[in-house]
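In what follows, a single structure is set out as structure tokens and then discussed.
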Amino acid sequence: GSRWIDINLSNYTIAAYEGNTQVFSSVIVDGAPATPTVTGTFHTYWKLETQTMEGPNTDGTTFIQEDVPWVMYFFADFAIHGAYWRYSFGYSASHGCVNLPVPDAAWLYSWAPVGTRVEVHY
């Protein structure tokens with residue numbers, strides 16, 4: 001079956017499917033209330049093994065996160081990626097991206113080609 005990714009923001013999970021068969025799951029950190037993760041149906045359009053990310057904080061300052069690993073963009077500047085700076089998962093705190101433990105992000109990155117469908121929902 002075709003490969004697709006399910007992101008459930010209600011229970012902070014991400015799952016990979018081949019057709020109707022789940023082949024992977026992990027716990028995520030999604031967007032904080034002031035910077036929520038977008039919902040809808042998307043497709044990955046760009047992958048990077050590592051990237052420096054930067055952007056505005058809600059207080060007007062700028063965040064810079066170097067060497068963000070296993071980045072897969074699925075809509076505008078929203079991406080699924082590893083988060084080596086987090087020690088736990090299962091809550092809302094990102095700037096809108098979907099954060100995973102680094103080993104899980106690496107697995108998903110290698111499994112999902114550009115064009116993989118991404119369903120993001122509550």
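The values are calculated or read from the model by the stated rules, or taken from the named source; none is laboratory data. Keep in mind the model is a prediction, meaning the values are calculated, not measured. Using ideal geometry, Cβ is built from the backbone for each residue, glycine included, and neighbour counts are taken over all protein chains shown. Accessible surface is based on the protein model in full, side chains and every heavy atom, while ligands, DNA and RNA are left aside. Shrake-Rupley method; radii C 1.70, N 1.55, O 1.52, S 1.80 Å.
Computed quantities for the displayed model
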{"item": "Under-5 Å amide H pairs with residue 3, H placed in peptide plane, nonlocal only", "result": "19"}
{"item": "Assigned charges on the beta-carbon of Lys, Arg, Asp, Glu; the chain dipole about Cα centre (debye)", "result": "260"}
{"item": "Residues in segment 46-62 that a label on residue 92 would reach, taking backbone N under 18 Å of a point 7 Å out along Cα→Cβ", "result": "57-59"}
{"item": "Fraction of accessible area attributable to carbon and sulfur, segment 1-101 (%, probe 1.4 Å)", "result": "51"}
{"item": "Accessible area per residue, Å², the chain with all protein chains present, probe 1.4 Å", "result": "50"}
{"item": "For residue 74, solvent-accessible area (1.4 Å; no DNA, RNA or ligand), Å²", "result": "10"}
{"item": "Length added when fully stretched, residue 77-residue 45, from 0.36 nm per residue minus Cα-Cα", "result": "10.4 nm"}
{"item": "Crossing angle, helix 102-111 versus the chain [Cα axis fit, 0-90 degrees, rounded to tens]", "result": "40"}
{"item": "Rh (Kirkwood; distinct C-alpha pairs) - segment 78-122, Å", "result": "11.5"}
{"item": "Separation of the residue 11 and residue 52 label points, Cα + 7 Å toward Cβ, nm", "result": "4.0"}
{"item": "Given charges at Cβ of Lys, Arg, Asp, Glu: segment 37-122 dipole, positive-most of 38, 84, 121", "result": "121"}
